[in-house]
Amino acid sequence: MMWAAGFDVNRDGQWYWTGQKRAHVISNSWGISSFIYDYTAFGYDFESAVINALAAPRFLDRNYPGIVIVHAGGNGGYGFGTITSPGAAIGAITVGAATSGHFWLALRTPFYGFRWGDIISWSLRGPAPAGYVKPDVVNIGAFGIAAYPVGWGPEDWDIFGGTSQATPLTAGVVALVLSAVADRADPATVDPFLVRQLLLQGATTVCRRLGPRWRCFAQTPR
């Protein structure tokens with residue numbers, strides 16, 4: 001992440017800001033899905049601290065603009081307050097997984113009671129130990145039709161699921177948001193927390209049981 005954000009290591013082994021980011025958005029799908037605490041509570045751990053530092057403009061260097069980090073929430077639910085590290089980092093746009101019925105229609109098989117837009121049971125839920133809402137948004141992650149490498153199966157597509165599917169889909173929406181402002185500002189300089197707000201305000205609320213504080217299904221803001 002440090003390299004993608006535009007940092008490098010000098011001859012003394014110290015990180016420094018190169019003056020230019022190598023990416024506009026970082027999409028992560030790694031972390032702890034099971035509920036095992038780090039040395040500190042989730043959101044206060046080392047991984048979360050790194051993400052928070054990279055997302056915050058001018059924190060690591062006075063000229064550093066920050067970078068948008070989209071992170072998978074994890075698949076180790078069930079239940080209230082199960083979000084883990086580093087999806088609990090307040091600097092990350094944390095993504096949960098919601099259901100899609102498209103693959104059932106494609107395979108012409110029953111939908112087995114799931115509705116389109118439900119939060120899948122194993123998607124980790126907030127709040128984080130510090131009390132803020134996580135995940136920030138959800139996207140299709142249970143289950144969707146995905147492209148597969150040629151030769152991996154009888155077709156070039158298959159069914160894939162998890163917050164690891166929902167996260168890159170949301171990173172794509174972030175890329176569209178940054179593209180939309182490119183005629184007015186350099187996407188590399190846009191505040192990551194502004195991008196988060198645009199994403200949340202453009203999302204559609206579909207989480208009936210968890211109340212209006214959940215933002216769901218990341219749509220491109222209009």
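The values are calculated or read from the model by the stated rules, or taken from the named source; none is laboratory data. Note that the structure is predicted; figures quoted are calculated from it, not measured. Methodologically, a virtual Cβ is constructed for each residue, glycine included, from the backbone with ideal geometry; neighbour enumeration extends over all protein chains shown.
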Which of the residues belonging to segment 52-76 are among the small types (Gly, Ala, Ser) and at positive phi? Gly66, Gly74
Could you pull out the residue among Arg184, Arg208, Arg222 that is outside any helix (DSSP H, G or I), over 15 Å from the mean Cα position of the chain (by Cα) and at pLDDT 85 or above? Arg184
Within segment 29-47, is there a residue that is under 21 Å from Pro192 (Cβ atoms) and in a strand (DSSP E or B)? no
Within segment 67-78, does at least one residue satisfy the condition of being part of a helix (DSSP H, G or I) and either of a type in the set (Asp, Glu) or at pLDDT below 90 (or both)? no
Does Gln201 satisfy the criteria of being touching a residue at least 24 places away in the same chain (Cβ under 8 Å) and part of a helix (DSSP H, G or I)? no
In segment 48-91, what residues are surrounded by fewer than 22 Cβ atoms within 10 Å (Cβ to Cβ), within 23 Å of Asp8 (Cα to Cα) and in contact with a Gly (Cβ under 8 Å, 6 or more places away or on another chain)? Asn52, Ala53, Ala56, Pro57, Arg58, Phe59, Asn63, Tyr64
